[in-house]
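Structure first, then comments.
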Amino acid sequence: MSAEPPAGASLDELRTAAADCRGCQLWEPATQTVFGRGPADAVMVLVGEQPGDVEDQRGAPFVGPAGRLLVGALEEAGIDKTSVYVTNAVKHFRFEQRGTRRIHQTPDVSHTAACVPWLRAELAVVRPSLVVLLGATAAKTLLGQDFRVTRQRGQLLDGPPGSGARLMATVHPSSILRTPPESRDEAHAAFVADLRTARAALTS
Ligand code: SF4
């Protein structure tokens, strides 16, 4: 079945429909569709790239190492983690099997294009005031392939006309995990600063 979210569906109905999605080839080797989680009336939605190894097995977004880093950063920025809706641009884990290990592979444009109807459907139900795009894949999915997180991170941008939402891009928390130890504190602080900007945007 393709990535055609049922019109007028609730988040639960979308989650159920997405479980059977065959909109691109990523469903086959992955364990399951990992749909978004959080309150349906969240004012902030966080969008990552795709589920990782742990998320693929547990069926929930941001429950692995990057998720733990994100939760800590949200706390430092004064954002209640239970108040935000978290999801990914792509709902299945893309990986390369090497022996017993599953190595993350960045989804390509065909995957984000196939999967974006689910993200748009989530945003249409939640109708947040702010969408925080975590990393290049999420940012390019909603802001176009020319968007560069390195140039425009932390900037508040207008969302699609009529959406009532603003957008802000920052890095993906997994990039901080990959940062060399001598620069990691600085990278983490910059990430928290972007999240503080996001929190402030909700009251401005
Ligand atoms: S990645 Fe998205 S479009 Fe592709 S099969 Fe999974 S849910 Fe469908």
Checking H172 against (1) under 15 Å from M44 (Cβ atoms); (2) surrounded by 20 or more Cβ atoms within 10 Å (Cβ to Cβ); (3) not hydroxyl-bearing (S, T, Y), the condition it does not meet: (1)
Every residue from the range 109-129 that is aliphatic (A, V, I, L, M) and either within 16 Å of the ligand (Cβ to nearest atom) or free of Cβ contacts under 8 Å to residues at least 60 places away in the same chain (or both): V109, A113, A114, V116, L119, A121, L123, A124
Restricting to the range 17-32, and then to whatever is within 6 Å of the ligand (Cβ to nearest atom) and open to solvent by 20 Å² or more (accessible area, probe 1.4 Å), can you tell me which residue is farthest from E49 (Cα to Cα)? R22
Residue list for the range 1-16, filter: part of a loop (DSSP other than H, G, I, E, B), more than 9 Å from the ligand (Cβ to nearest atom) and surrounded by 15 or more Cβ atoms within 10 Å (Cβ to Cβ): P5, A9
Just need a number here: residues in the range 130-148 that are touching a Gly at 6+ places or on another chain (Cβ under 7 Å) and closer than 26 Å to S10 by Cβ. 3
Of everything in the range 47-59 that's charged (D, E, K, R) and assigned to a helix (DSSP H, G or I), which residue is nearest to the ligand (Cβ to nearest atom)? D56
Can you find even one residue in the range 78-90 that is open to solvent by less than 60 Å² (accessible area, probe 1.4 Å), more than 22 Å from L202 (Cβ to Cβ) and either more than 12 Å from the chain's Cα centre (by Cα) or more than 12 Å from the ligand (Cβ to nearest atom) (or both)? no
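Being within 15 Å of the ligand (Cβ to nearest atom), aromatic (F, W, Y) and crowded, with 22+ Cβ neighbours inside 10 Å: is that true of F62 here? Quick ask: steps written out before the conclusion?
Working: within 15 Å of the ligand (Cβ to nearest atom): no; aromatic (F, W, Y): yes; crowded, with 22+ Cβ neighbours inside 10 Å: yes.
So F62 fails the test.
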List every residue pair whose Cβ atoms sit under 6 Å apart, with the two residues 6 or more apart in sequence or on different chains, where the first one lies in the range 130-151 and is open to solvent by less than 50 Å² (accessible area, probe 1.4 Å) and the second, anywhere, is outside any strand (DSSP E or B) and of a type in the set (S, T, Y). T141/T112
Taking the condition of a type in the set (D, E, K, R) and surrounded by 14 or more Cβ atoms within 10 Å (Cβ to Cβ), does D53 pass? yes
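Could you tell me whether any residue of the range 37-46 is within 13 Å of L119 (Cα to Cα), surrounded by fewer than 22 Cβ atoms within 10 Å (Cβ to Cβ) and within 16 Å of the ligand (Cβ to nearest atom)?
Keep residues of the range 37-46 that are within 13 Å of L119 (Cα to Cα), which gives 37, 45-46.
The next check asks that each one be surrounded by fewer than 22 Cβ atoms within 10 Å (Cβ to Cβ); those that pass are 37.
Next, from what is left, pick out any that are within 16 Å of the ligand (Cβ to nearest atom): 37.
Scanning the range 37-46 turns up at least one residue that is within 13 Å of L119 (Cα to Cα), surrounded by fewer than 22 Cβ atoms within 10 Å (Cβ to Cβ) and within 16 Å of the ligand (Cβ to nearest atom).
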Kindly indicate whether T33 is free of Cβ contacts under 8 Å to residues at least 60 places away in the same chain and closer than 21 Å to F191 by Cβ. no
With criteria (1) free of Cβ contacts under 8 Å to residues at least 24 places away in the same chain; (2) within 15 Å of the ligand (Cβ to nearest atom), H104 comes up short on (1)
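The values are calculated or read from the model by the stated rules, or taken from the named source; none is laboratory data. Owing to the predicted nature of the structure, the values given are computational and were not obtained by experimental measurement. Ideal geometry is used to build each Cβ from the backbone, glycine not excepted, and the neighbour counts take in all protein chains shown. Accessible surface areas use protein heavy atoms only, side chains included; no ligands, DNA or RNA. Shrake-Rupley method; radii C 1.70, N 1.55, O 1.52, S 1.80 Å.
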